[in-house]
């Protein structure tokens with residue numbers, strides 16, 4: 001499946017979720033990705049939540065899934081996907097150095113208990129200095 005098709009399917013799913021099952025929470029989802037010749041890094045933050053969640057990062061047709069994590073007391077949960085061994089030891093989800101393709105990723109957030117898609121973003125990556 002091409003990245004463009006994945007993007008459109010994500011948009012359709014999001015519209016369907018918001019029309020059929022509106023949420024009382026004010027979910028905010030953001031992601032930032034950075035890349036250079038020796039490293040790929042994706043940071044994800046979601047707020048306005050309660051419970052356990054997991055994230056997926058998709059680029060170049062490859063999907064990586066994080067472990068489930070609970071929100072903190074402020075209703076925020078964060079995920080990091082990284083190719084740096086030190087970041088992986090510090091709890092980042094491991095991704096290959098060349099994971100990010102064409103400077104673009106799609107990040108999806110799902111509820112752990114229901115697997116429901118809560119949001120998706122597609123940031124354009126910036127150079128990692």
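The values are calculated or read from the model by the stated rules, or taken from the named source; none is laboratory data. Note that this is a predicted model, so its numbers are computed, not measured. All Cβ positions, glycine included, derive from the backbone under ideal geometry; neighbour counts span all protein chains shown.
Points to keep in mind about this one:
- Matching entry among 32, 86 (being at pLDDT 95 or above and over 17 Å from the mean Cα position of the chain (by Cα)): 86
- Scanning segment 102-129 for residues that are in a loop (DSSP other than H, G, I, E, B) and buried (at least 19 other Cβ atoms within 10 Å of the Cβ), we see that the one that is farthest from the chain's Cα centre (by Cα) is 125.
- Qualifying residue in segment 52-60 (condition: more than 17 Å from residue 126 (Cα to Cα) and over 14 Å from the mean Cα position of the chain (by Cα)): yes
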